[in-house]
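What follows is a short report on a single structure.
What follows draws every value from the coordinates through simple rules; no lab data is involved. If you're wondering where the values come from, they're calculated on a predicted model, not measured in any experiment. Cβ placement follows ideal geometry from the backbone for every residue including glycine, while neighbour counts extend to all protein chains displayed.
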Amino acid sequence: MAAECASFVFFGSDEGASAAAAQKKYAELTEGTDEWGNETIDGVAATVDEAVGIVSRTIDSLQMMNMFGGRKVVWLRGATFMGDSPQGTRSEAVQDALARLVDCLGNLPAETFFLLSAAEMDKRRTFFKKLSAAAEMKESSKIDISKPGWESEVAGLVVRMAKPHGITFDSDALDLFVHRVNESSRQIANELAKLDVYLGPDRRQVNLRDVDLMVAVSRNGIIFEISRAIENGNCHQALRLVNEQLDHGEQPVSIMRAAIVPTVRNRFCARLLMDTYRLSPGNYRAFEGALNSLPEEGRKLLPTKKDGTVNAFGMFNAAKTCGRLSLKKARRDLQACAVADRQLVSTQLDTRDVLHKLIVTLTTA
C-alpha cells in the first residue's frame with residue numbers, strides 16, 4: 001500500500017474533535033486485528049529529551065514487523081511537541097527527530113499503519129510540509145466565537161453531535177446550551193453525555209430547565225448569563241454575576257464591552273427594526289427571512305457573518321426580549337452605556353459602582 005494511504009494525521013485547535021476522529025480511524029484500522037500487534041504511544045512530553053525519546057520509540061515501533069503477522073497499527077496519541085514551544089519545534093533536536101519520523105513514513109513495512117493526533121501543529125516547519133505529502137491530514141479547528149454568526153455555527157455543531165444520542169432541543173434550550181458551553185467539541189460532548197443520562201431512556205427532548213440544571217457555565221457562558229439577566233430585567237442576578245467576575249479579577253471594561261454593550265445595542269436595533277418594519281420574533285425562520293428582505297437602510301443596522309450574510313441569531317434573541325421596551329428607553333440605555341464606558345476608561349470613579357449604577361438603569365422599566 002502506498003505510504004500516503006498508510007499514514008493519517010489528525011490535528012487542530014479543537015482537540016476533542018481531533019482525538020475523536022483519530023479514535024474512529026484507529027478503530028477502523030484495528031478491526032479484526034490482534035490487539036497485541038498494535039501499539040499506542042503517549043505523546044505527552046514535558047522536555048525536549050522526552051519529545052525526542054517519544055519520536056524515537058515511534059520510529060522503532062513502525063520499523064518492527066508485527067510479530068504475529070498481519071496488520072500493525074501504531075498510534076502516536078496526543079503529541080504535545082508538534083507546535084511552536086520550547087519542548088516542541090523551537091528545538092532543533094525535536095525538528096531533527098520529526099524529520100526522521102517523516103522519512104520513516106515513506107518506507108513503512110507492508111501492512112503497517114501510522115496515526116498521529118495532536119492539538120497544535122507548527123505549519124511553518126519543513127517537517128509539516130513533508131508530512132502533508134506523506135500522510136492524509138485532517139484539521140479540526142474550533143469555531144471562532146469572536147466573529148459574528150458564531151452562535152449559528154455552534155448550534156449546528158450541537159445538533160449534529162446530539163443526533164447520535166437521539167437528543168433534540170427546544171429552541172430556547174438550544175440557545176441557552178450554546179451560550180453556556182464554549183466552542184470546544186469536547187465540552188459539548190461532555191455536556192450532552194450528562195443530559196443523556198439525566199433525561200433517561202424515555203425522554204429525548206431537552207427543555208430550558210434541563211439545561212439550566214445540568215449544563216455547566218463556561219467563561220463565555222458567564223458573559224451570556226449577564227446579558228440574559230439584563231434582558232430579563234433581573235437586576236439582582238446581573239449584579240451578582242458582575243460582582244463574581246470582578247472578584248475573580250475580570251476587568252470592568254471587558255465586562256462592559258463583552259456582556260453589556262452588545263446586549264443593549266442589539267436591543268436598540270431590534271426595537272427600531274420592529275417598530276419601523278413591523279417585524280415579529282415569533283418564529284426564527286420567518287424572522288430571519290424578514291431580516292434578509294429588509295431594504296438597504298434597514299440592513300445597515302444588522303450584524304453580519306464573515307460571509308456577509310445577516311447574523312439573524314443574535315438579533316432574534318434581542319427581539320424576543322424587547323417586550324414592552326420602548327424605543328425611547330432603548331435609546332436612553334444605549335446613551336447610558338456610552339457614558340459608563342467613558343467613565344470606566346477616563347475617570348477615577350469606582351468601577352464597580354459605575355457598573356452597578358448602569359445595571360440598575362438598564363433593568364429598571
Whole-Hz Karplus ³J(HN,Hα) for the stretch 187-193, in order, using 6.51 cos²θ - 1.76 cosθ + 1.60 and θ = phi - 60°, x for Gly and Pro?
5, 4, 4, 4, 5, 5, 5
With Cα coordinates, the longest principal axis of the chain makes an angle with the long axis of helix 219-231, in degrees rounded to 10, of 20
Pick out which of Ile260, Ile41, Ile230 has the largest mean-square fluctuation in a Gaussian network model of the chain, springs linking Cα atoms closer than 10 Å.
Ile41
Can you pull out the chymotrypsin sites (Phe, Trp or Tyr not before Pro) in the stretch 49-94 that DSSP calls coil and that have at most 14 other Cβ atoms within 10 Å?
Phe68
Pop a pseudo-label 7 angstrom from the Cα along the beta-carbon direction at both Ala133 and Arg324 and give the gap in nm to one decimal.
7.2
Please work out the C-alpha center-to-center distance from the stretch 36-109 to the stretch 261-280 and express it in whole Å.
56
If the label point sits 7 Å along Cα→Cβ of Thr276, residues of the stretch 322-336 with amide N under 19 Å come out as 322-323, 325-335
Based on alpha-carbon centroids, what's the gap between the stretch 124-149 and the stretch 188-218 in Å, whole number please?
32
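Among the lysines in the stretch 44-186, how many pairs, 8 or more places apart or on different chains, have alpha carbons under 22 Å apart?
Lysine pairs meeting the criterion: 6.
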Relative to the longest principal axis of the chain, what angle (0 to 90°, nearest 10) does the C-alpha long axis of helix 171-180 take?
70
For mean projected area of the Cα convex hull in nm², the listed values are (i) 23.3; (ii) 18.4; (iii) 22.1; which was obtained by calculation from the structure presented?
(i)
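How high is the relative contact order of the chain, given as a whole-number percent (alpha carbon pairs under 8 Å, six or more residues apart)? Provide the component values of the computation, followed by the final result.
On the way: 533 pairs, mean separation 57.4, N = 365.
This gives 16 percent for the chain.
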Starting at the first residue of the stretch 120-131, write each ³J(HN,Hα) from the Karplus equation 6.51 cos²θ - 1.76 cosθ + 1.60 with θ = phi - 60°, in whole Hz, x for Gly and Pro.
10, 8, 7, 6, 7, 7, 4, 4, 5, 5, 5, 5
For Thr304, list long-range residues whose amide hydrogen, built 1.01 Å from N in the peptide plane, is under 5 Å from its own amide hydrogen.
Asn311
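Compute the FRET efficiency between Asp60 and Asp172 as 1/(1 + (r/R0)^6), taking r as their Cβ-Cβ distance and R0 = 51 Å, and round to the nearest 0.05. Don't jump to the answer; show the numbers that get you there.
On the way: r = 55 Å, r/R0 = 1.09.
About 0.40, to the nearest 0.05.
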To the nearest 10 degrees, how steep is helix 327-346 against the longest Cα principal axis of the chain, on a 0 to 90 scale?
60
What list of ³J(HN,Hα) couplings, whole Hz, do you get for the stretch 355-365 from phi and the Karplus terms 6.51, -1.76, 1.60, once you set θ to phi - 60° and write x for glycine and proline?
5, 4, 4, 5, 5, 4, 4, 5, 9, 9, 5
Whole-number percent relative contact order across the stretch 166-312, with pairs defined as alpha carbons under 8 Å at least 6 apart
18
Pick out which of Arg180, Arg324, Arg285 has the largest mean-square fluctuation in a Gaussian network model of the chain, springs linking Cα atoms closer than 10 Å.
Arg324
For Ile41, the residues 5 or more places away or on another chain with a placed amide H closer than 5 Å to its own amide H are Trp75, Leu76, Arg77
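At 0.36 nm per residue, minus the direct Cα-Cα distance, what do Asn234 and Arg352 gain on full extension? Give it in nm, one decimal, please. Can you show the working numbers first?
Values: separation 118, 0.36 × 118 = 42.48 nm, distance 1.78 nm.
Answer, rounded to one decimal: 40.7 nm.
Per 0.36 nm of contour for each residue apart, how much would the distance between Ser254 and Lys163 grow if the chain were fully extended, relative to their Cα-Cα spacing?
Values: separation 91, 0.36 × 91 = 32.76 nm, distance 3.58 nm.
Full extension of this stretch gives 29.2 nm more.
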Each label sits 7 Å from Cα toward the beta-carbon; between Asn283 and Arg209 the label points are separated, in nm, by 2.8
Thr112 long-range amide H proximity, modeled H, under 5 Å:
Lys72
